[in-house]
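This report refers to the structure that appears directly beneath it.
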Amino acid sequence: MPDREAARHLERIQAIVTDDAMVHGVESYISDSWRRCLIEHCLDPGGRCEPEVLESALLRERLQRHERLLSLASEEMGNLHQQVAGSGHAIILTDADGCVLDFVGDMEFERQAGANGLLLGALWNERTQGTNGMGTCTVTGKPVTVHHNEHFLVRNAVLTCSAAPIYDPEGGLMAVLDVSSTACVAQQHAMSLVSMSAQLIENRVFRCAYRDRYLLHFHSRPEFLNTLGEGVLSFDPEGKVLGANRSALFQLGVDSREMLLDRNIADVFDLRLAEFMDEVARRSPERPVSLHGMADGKRFFALLESPARVGARAGASVRSAPPRGTGTAEPSLEQLDFGDPCMAKAIRQAKKLIGRDVSLLLSGPTGVGKGLFAKALHAYSDRADKPFVTVNCAAIPETLIESELFGYKAGAFTGANRQGSRGKIVLAHGGTLFLDEIGDMPLSLQARLLRVLEEREVMPLGAETSIEVDINVISATHRDLAALVRSGEFREDLYYRLRGLTLVLPALSARTDRRQLIEYMLKLEQAGDRIRIEPDAMRMLLDYAWPGNIRELRNTLRTLIALCDDERIAAADLADEFHQTAGTDAAGSADPDGSEEGESHNPLASAECAVLLRELEAMRWNVAKVARSFGVSRNTLYRKMRRYGIKPPR
């Protein structure tokens, strides 16, 4: 920006910091930051000094100090990058001092990263870089967005930054997660995503810190246990509360951790610890217990994790948490056959072909269990003791899928993992590569995939020699690949290479074995057969259209198991849509946005659901008010509520 424009920028800053910022359409945290930059740090908006970067030895020491954080944050940074992927984006992790510890960016952003000063070890605090997402977030301790000329230094005005804090288990600021972009972005969307990702990382840190303690998971709605919105309290065998996550504070209506720490769990909830432990021991591990808060009598649903299980899961993300009930073991191919002719045919054909080097293509609507079927096929094959590696082609952006699939050597590009990456194809060597939503694979990469499948060798990015691979390939899609071939969106040669045989998995509404499937899944989810479905309720379940297919059935049964008090599921326990005759309106309740398969498995989709529920509860289910707070229309909010099955409490 020329000096004259820098001078105008300074005049604007000076005018706003001495006036009411909101009158000028500037957030108060921006004007407060400008004031600090002018008065405390004596910065010049037109200054062109390069950002400070730590020396190698100091950077190594800082990276070692945050080794656990970097390990826990890595997966969520990748997930977030997939969500906001586009030209000119990067996900950046800094410590509490604003020092860049790690970042994941697309190729275009990485080419500009050096010029922008977004390098490992660079200090992005307000003292050196003025108002910016990362530095201002470390000061406020709250999520912030800094858009273009809201940056104090004009050299940073090319960026839009949305940043959210990550707190340690003691409540101190530990790190900042940031989405920076040189392109136009939907700021509210980016802010929501980065806030949810920061919370996911924070929860993983919390689990690791208390992996040798009891963890009590609780929420006022049973369906939101094991999601981002659940409260978690850590306590010792005597019941002394040792830690609480941020959602626990919100659920209990307390302002700080100090109000909970060192209290006995029996002073937080209306319970006697010994009796509570006995009741938990008598129930299946995944059936929630009903509790009431001591302060206001509010009802909660709770699950208890013992120290051994917490330790085993420490560091796991929401997505990798083991399923409820006895679902830790995947069903076999035979267990997927409940009598439906179409399913029986698919299973019979799959058994004949699975060991004959014939590529199988699974076809069917979202939610019918294509991933589960693929795992069962792998378990049935002679490769069962080898890796089963899933690649969701719809969830990985074009800028990332090449390195995800084919891997890369260390130093292949700026921001690459220091040890390089083997890639999904090499990780699947000897086993099965499952290409989910193959119809969404970018056309530019289809030729490379075809070459791998034909030649059985892969060339990582930046490598000079190829790696031989032995893989069995199973693909899946809900789209019409033949139509995509005709429209030029999918390579014909790859289509015929993948389609050795197409196995069609039917929608749940079209299956003739719905009753048997419901009874089996009910038994699976409750780890037993104590809970029964009354005839009227079963009739409603059978008549329902199930637009979400088996995925919707599983979530419905989990909710019903948690809600029933007398070990019988009655018609009154079912949600409103089940009371409509033969599902006449149920199909219309499907999400008009057509969310793709894999969304419910993504921790960010789960997190968005939890944040939405939390805002609705905080604003007493005033949909118009919540919509205004998110900057969306009421129709958009209603669509999201339908997508996640959120209904006002009855």
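The values are calculated or read from the model by the stated rules, or taken from the named source; none is laboratory data. Note that the structure is predicted; figures quoted are calculated from it, not measured. Counting neighbours? That spans all protein chains shown, and the Cβs are built from the backbone with ideal geometry, glycine included. Quick note on the areas: whole protein, heavy atoms, side chains included, nothing else; ligands and nucleic acids left out. Shrake-Rupley method; radii C 1.70, N 1.55, O 1.52, S 1.80 Å.
Things worth noting here:
- Scanning region 500-520 for residues that are open to solvent by 30 Å² or more (accessible area, probe 1.4 Å), within 12 Å of SER363 (Cβ to Cβ) and either of a type in the set (A, V, I, L, M) or over 31 Å from the mean Cα position of the chain (by Cα) (or both) returns LEU501, VAL504.
- Answer from VAL254, VAL205, VAL289 - the residue that is aliphatic (A, V, I, L, M) and open to solvent by less than 10 Å² (accessible area, probe 1.4 Å): VAL289
- Selected residue (criterion: most open to solvent (accessible area, probe 1.4 Å)) from residues of region 351-372 that are of a type in the set (Ser, Thr, Tyr) and assigned to a loop (DSSP other than H, G, I, E, B): THR366
- Hey, ALA463 surrounded by fewer than 16 Cβ atoms within 10 Å (Cβ to Cβ) and within 26 Å of PHE373 (Cβ to Cβ) or not: no
- Single residue of region 189-234 satisfying the filter (hydroxyl-bearing (Ser, Thr, Tyr) and part of a helix (DSSP H, G or I)) that is farthest from ALA266 (Cα to Cα): SER192
- LYS375 open to solvent by 30 Å² or more (accessible area, probe 1.4 Å), closer than 21 Å to GLN516 by Cβ and touching a residue at least 24 places away in the same chain (Cβ under 8 Å): yes
- Scanning region 151-168 for residues that are surrounded by fewer than 23 Cβ atoms within 10 Å (Cβ to Cβ) and either at pLDDT 90 or above or among the small types (Gly, Ala, Ser) (or both) returns ALA157, PRO165, TYR167, ASP168.
- Taking (1) closer than 21 Å to MET77 by Cβ; (2) among the hydrophobic types (A, V, I, L, M, F, W, C); (3) at pLDDT 85 or above in turn, ALA416 satisfies each apart from (3).
- Within region 177-196, not a single residue is touching a residue at least 40 places away in the same chain (Cβ under 8 Å), closer than 30 Å to ALA274 by Cβ and of a type in the set (Gly, Ala, Ser).
- Region 208-223 - residue that is open to solvent by less than 30 Å² (accessible area, probe 1.4 Å) and touching a helix residue (DSSP H, G or I) at 6+ places or on another chain (Cβ under 6 Å) and, of those, modelled with the lowest pLDDT: PRO222
- Unmet requirement for ALA507, which otherwise passes all of (1) in contact with a Phe, Trp or Tyr (Cβ under 7 Å, 6 or more places away or on another chain); (2) modelled with pLDDT of 90 or more: (1)
- The residue that is modelled with the highest pLDDT, among those in region 23-47 that are touching a helix residue (DSSP H, G or I) at 6+ places or on another chain (Cβ under 6 Å) and open to solvent by 60 Å² or more (accessible area, probe 1.4 Å), is ARG35.
- If you go through region 106-139 and keep only what is open to solvent by less than 10 Å² (accessible area, probe 1.4 Å) and either at pLDDT below 90 or over 18 Å from ALA198 (Cβ atoms) (or both), you end up with ASP106, PHE109, ALA113, GLY117, LEU118, GLY121, ALA122, GLU126, GLN129, GLY130, THR131.
- Which numbered condition GLY462 misses (of (1) modelled with pLDDT of 90 or more; (2) at positive phi): (1)
- Among all residues of region 594-603, there is at least one that is modelled with pLDDT under 80, surrounded by 14 or more Cβ atoms within 10 Å (Cβ to Cβ), touching a helix residue (DSSP H, G or I) at 6+ places or on another chain (Cβ under 9 Å) and outside any loop (DSSP other than H, G, I, E, B).
- Single unsatisfied condition, PRO51 versus (1) assigned to a loop (DSSP other than H, G, I, E, B); (2) at pLDDT 85 or above; (3) surrounded by 12 or more Cβ atoms within 10 Å (Cβ to Cβ): (2)
- Total residues in region 615-641, condition crowded, with 17+ Cβ neighbours inside 10 Å and either basic (Lys, Arg) or touching a Cys at 6+ places or on another chain (Cβ under 9 Å) (or both): 1
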